[in-house]
Amino acid sequence: MAADLMRGLAAGLAMVLATAAVRLLIGSLTITELAADWLTATLHPTVIDFLLERLSTSAKPSMFVGLLAAQVMFGSAVGICYGQLTARLPVPEREWPRALMVSGALWVISMLTLAPLFGGGVFGAGVRGGAFSFMAVSLAAYAVYGIVLAALFGEAVIDEEGAGYGRRALLRRALGWAAALAVLAVGGKFLVDRARSQVSNSRSFRVEGVLSSEVTPNEEFYVISKNFIDPAIDPERWGLEIGGLVETPYRLTYEELTALPASEQFVTLECISNEVGGDLISTASWRGTPLRTVIERAGLRPGVVDVVFESEDGYSESIPVERAMRDEVLIAYEMNGEPLSVSHGFPARLIVPGFFGLKSVKWLTKIEPVAIDYLGYWQQRGWTDDPVVKTMSRIDTPATRTTRPRGAFPVGGVAFAGDRGIAKVELSLDAGDTWAEVDETTAALSAYTWIIWKARVLPGSSTLAEVRVRATDGNGAVQTDRRTATVPNGASGHHDILVELV
Ligand SMILES: Nc1nc2c(c(=O)[nH]1)N[C@H]1C(S)=C(S)[C@@H](COP(=O)(O)O)O[C@H]1N2
Ligand SMILES: [Mo]
């Protein structure tokens, strides 16, 4: 029994490694990724938000490792069953025909049950990127499982027969296991290296206690994506389709898109999952074609309510048509003077100033005016349909719970209110009873960016100073102190820090 478990475990591990290798080499979706997407879609938004945001860099890998572990456990369980059942049967001449039959049957069952359950359709009929490569990847994985199972159980047959146990056989056995382990080790290392460069994640790079710069360097710009591995798009084969409720649908190549009249502007993006004081907010200069130019070329038909955006990773979002026709909404292909990186949406993405980041669809493939109020990826999962950013402000420096000498000290941070702009930033040293304006704010780089502010504060005689910040937007509305969670409308409340004075 324990030996059967070990054999199943080894075969399960080999299957997982094979899946990962084929996945990274030919880039087709796997059942594991379908399962991850399905989990994201099925779990309550609060749980997902917690996974994606609080656990930040480790969330998606954890979920994935969990799913892979489940696969290995399943492989082990099958190994036990296989051992128990075949022990009762006559010893075959060769192990592999029946092992492959078992793994083939498992493949068919998973194509008929798991694939549709996780939203990929029977035999992956509905998988984006094509059912064929999806089937091929999973079939290859199950085949590897069957082969390893056969090899290990076949060896067991010799064991139990007690046949041919001379020194040569022992040596051969040892060599076999060493070779298998070497393949696992080398393959595993290759995969870890490949995966490390390809696995996308929620990440950001704010160094605690350092004042943000007005423009965020590309490598430090926060990244949020629903994918375990982001789409790597060949710009030669990519095209942007304009369809739906338009007079003349058409398609733009990368070359055509980048040859259209361009405009460039600074825009701050903020994720709706950004906590009070959080770092899922960054600013860049985006260069691209105004969305409006591209839509007008197709000509809107009457009755359009929303413009829907689809993307290579199956994500979709929409914005009201009035917003879509504003000059500042861009189909961007450059970020701070460089072509978009894969993680930021290469070859082209939407930039919708003033809306939370979820509307700025990356890896854009299709633009489709529709006559309905369309619910996008996150709205279908319980997030708000009101994407207007809330007024926020954050203290970057000093970091909270640090120690400083008594006396006055410098404080600095950012404030943002989308296209409403920031009129004023104030600090309070008495938990919000009284407020004083900061000493200095930068002028916003455009009508759609944050500002950086600085002040010197002189706390009273206590050994503990609490500094709290609030902003007033361009309409004169003061940032609310009412604390809310990020789900479902985005967080609100004042950011504060505690400093110990010695
Ligand atoms: N295709 C696609 N677009 C997407 C997403 C995604 O998962 N897939 N995530 C969205 C979310 S929630 C945010 S906050 C922004 C983040 O953009 P960034 O990673 O360039 O900062 O992209 C948005 N666009
Ligand atoms: Mo987001």
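The values are calculated or read from the model by the stated rules, or taken from the named source; none is laboratory data. In this text the structure is predicted, and so the values were computed from the model without any measurement. Neighbour counts are summed over all protein chains in view; Cβ atoms, including those assigned to glycine, are modelled from backbone coordinates with ideal geometry.
With respect to VAL294, determine if the residue is assigned to a strand (DSSP E or B), away from ligand 2 (no atom under 16 Å from the Cβ) and either under 17 Å from VAL388 (Cα atoms) or of a type in the set (A, V, I, L, M) (or both).
Taking the combined requirement at face value, the residue does not satisfy it.
Only one residue in ALA399, ALA415, ALA423 is aliphatic (A, V, I, L, M), more than 16 Å from ligand 2 (Cβ to nearest atom), in a loop (DSSP other than H, G, I, E, B) and closer than 17 Å to ALA455 by Cα, so which one is that?
Working: ALA415 fails: in a loop (DSSP other than H, G, I, E, B); ALA423 fails: in a loop (DSSP other than H, G, I, E, B).
When all the criteria are applied, what remains is ALA399.
Are any residues in the stretch 1-41 more than 20 Å from MET111 (Cα to Cα) and of a type in the set (S, T, N, Q), and if so, which ones?
Within the stretch 1-41, THR40 is the sole residue that qualifies.
Evaluate the stretch 379-393: report whether one residue or more is surrounded by fewer than 18 Cβ atoms within 10 Å (Cβ to Cβ), farther than 22 Å from ALA284 by Cα and of a type in the set (Lys, Arg). Before the answer, list the steps.
To start, the set of residues in the stretch 379-393 that are surrounded by fewer than 18 Cβ atoms within 10 Å (Cβ to Cβ) comprises 380, 382, 384-386, 388.
If we keep only those that are farther than 22 Å from ALA284 by Cα as well, we get 380, 382, 384-386.
Adding the requirement that they be of a type in the set (Lys, Arg) leaves none.
Looking through the stretch 379-393, none of the residues is surrounded by fewer than 18 Cβ atoms within 10 Å (Cβ to Cβ), farther than 22 Å from ALA284 by Cα and of a type in the set (Lys, Arg).
If the requirement is being modelled with pLDDT of 85 or more and among the aliphatic types (A, V, I, L, M), which of these qualifies: ALA14, ALA59, ALA20?
ALA14
Please pick out the residue among SER273, SER225, SER263 that is hydroxyl-bearing (Ser, Thr, Tyr) and away from ligand 1 (no atom under 12 Å from the Cβ).
SER263
Of the conditions (1) within 11 Å of ligand 1 (Cβ to nearest atom); (2) part of a loop (DSSP other than H, G, I, E, B), THR268 satisfies every one except a single condition; which number is it?
(2)
Tell me which residues, restricted to the stretch 466-497, are modelled with pLDDT of 95 or more, assigned to a strand (DSSP E or B) and out of contact with any helix residue (DSSP H, G or I) (no Cβ under 7 Å at 6 or more places or on another chain).
GLU466, VAL467, ARG468, VAL469, ARG470, ALA471, THR472, VAL478, SER492, HIS495, ASP496, ILE497, listed by residue number.
Any residue that is surrounded by fewer than 18 Cβ atoms within 10 Å (Cβ to Cβ), of a type outside the set (Asp, Glu), modelled with pLDDT under 80 and more than 18 Å from SER138 (Cα to Cα) - is there at least one of those in the stretch 27-39?
Scanning the stretch 27-39, I find at least one residue that is surrounded by fewer than 18 Cβ atoms within 10 Å (Cβ to Cβ), of a type outside the set (Asp, Glu), modelled with pLDDT under 80 and more than 18 Å from SER138 (Cα to Cα), so the answer is yes.
Considering only the stretch 315-386, give the strands (runs of 3 or more DSSP E) lying wholly within it that have at least 3 residues that are away from ligand 2 (no atom under 15 Å from the Cβ) and over 25 Å from LEU445 (Cα atoms).
364-370
Go through GLU275, GLU270 for me and flag whichever is in contact (Cβ under 8 Å) with a residue 60 or more places away in the chain, touching a Phe, Trp or Tyr at 6+ places or on another chain (Cβ under 7 Å) and within 16 Å of ligand 2 (Cβ to nearest atom).
GLU270
Listed here are the residues, each with its yes/no results for (1) within 21 Å of the chain's Cα centre (by Cα); (2) among the hydrophobic types (A, V, I, L, M, F, W, C).
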| site | (1), (2) |
| --- | --- |
| ALA298 | no, yes |
| VAL308 | yes, yes |
| PRO320 | no, no |
| ALA324 | no, yes |
| GLU338 | no, no |
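Any residue in the stretch 24-52 that's closer than 18 Å to THR486 by Cα: show its pairings with residues that are outside any helix (DSSP H, G or I) and at pLDDT below 70 at Cβ separation under 8 Å, as long as the two are six or more apart or on different chains.
The qualifying pairs are LEU52/SER202.
Taking interchain pairs and intrachain pairs at least six residues apart, which have beta carbon atoms under 6 angstrom, with the first residue in the stretch 307-320 and in contact (Cβ under 8 Å) with a residue 40 or more places away in the chain and the second among the acidic types (Asp, Glu)?
Partner pairs satisfying both residue conditions: VAL308/GLU368; PHE309/GLU317; SER316/GLU310; SER318/ASP306.
So, in the stretch 248-304, how many residues would count as being surrounded by fewer than 17 Cβ atoms within 10 Å (Cβ to Cβ) and charged (D, E, K, R)?
Of the residues in the stretch 248-304, 8 are surrounded by fewer than 17 Cβ atoms within 10 Å (Cβ to Cβ) and charged (D, E, K, R).
Considering only the stretch 455-502, state which residues are surrounded by fewer than 18 Cβ atoms within 10 Å (Cβ to Cβ), of a type outside the set (A, V, I, L, M, F, W, C) and touching a Pro at 6+ places or on another chain (Cβ under 9 Å).
Matches in the stretch 455-502: ARG456, GLU466.
Among the candidates GLY288, GLY244, which residue alone is part of a loop (DSSP other than H, G, I, E, B), more than 16 Å from ligand 2 (Cβ to nearest atom) and under 20 Å from ILE319 (Cβ atoms)? Lay out the reasoning, then the answer.
Numbers: GLY288 fails: part of a loop (DSSP other than H, G, I, E, B).
Within the list GLY288, GLY244, the selection yields GLY244.
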